[in-house]
Amino acid sequence: QVQLVESGGGLVQAGGSLRLSCAASGRTFRSYAMGWFRQAPGKEREFVAAIRWSGGNTDYADSVKGRFTISRDNAKNTVFLQMNSLKPEDTAVYYCAAGRNTQQIVTEGPDSWGQGTQVTVSS
């Protein structure tokens, strides 16, 4: 399994932007599909975005389409989540995740999780 460490969370006003990063350990990073999930207080963890190992295919939750962009740099073992036009309802702990492919991440759940980073959007 791959070890994942998120960073980049914080407090931002509505309409602002944040960029989350997830650093992965292990030489097999480029073989994993990667994803982001989030969990708001009192709610279940939900899928946000996923990206194929090559970076060519991406998938997004309807709630973030057009506002969030997932990308990866396999040379640096890092995946990113650029979040624009943030809304108070985006407030949550954001988790990085890894899996065999994007379909598995979305439908079955990832194989590995990071520890999470808090994103708070004020109105």
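Elements of the type strands (runs of 3 or more DSSP E) sitting completely within the stretch 61-104 and holding at least 2 residues that are hydroxyl-bearing (Ser, Thr, Tyr) and surrounded by 15 or more Cβ atoms within 10 Å (Cβ to Cβ): these cover 68-73, 92-99. Inspect the stretch 20-29 for any residue being touching a residue at least 40 places away in the same chain (Cβ under 8 Å) and of a type in the set (D, E, K, R) and give the result as yes or no. Looking through the stretch 20-29, none of the residues is touching a residue at least 40 places away in the same chain (Cβ under 8 Å) and of a type in the set (D, E, K, R).
Within the stretch 90-110, the set of residues being acidic (Asp, Glu) and in contact (Cβ under 8 Å) with a residue 24 or more places away in the chain comprises just one member, Asp90. Look at Val121 and say whether it is hydrophobic (A, V, I, L, M, F, W, C), crowded, with 18+ Cβ neighbours inside 10 Å, under 15 Å from Leu4 (Cα atoms) and touching a Lys or Arg at 6+ places or on another chain (Cβ under 7 Å). Considered against the rule, which asks whether it is hydrophobic (A, V, I, L, M, F, W, C), crowded, with 18+ Cβ neighbours inside 10 Å, under 15 Å from Leu4 (Cα atoms) and touching a Lys or Arg at 6+ places or on another chain (Cβ under 7 Å), Val121 comes out as no. One residue stands out among those in the stretch 39-74 that are closer than 15 Å to Lys87 by Cβ and among the hydrophobic types (A, V, I, L, M, F, W, C): the one that is farthest from the chain's Cα centre (by Cα), which is Ala40.
Where a number appears in this text, it was derived from the coordinates with a stated rule and is not lab data. This one's a predicted model, so the numbers in the text were calculated from it and none came from an experiment. Methodologically, a virtual Cβ is constructed for each residue, glycine included, from the backbone with ideal geometry; neighbour enumeration extends over all protein chains shown.
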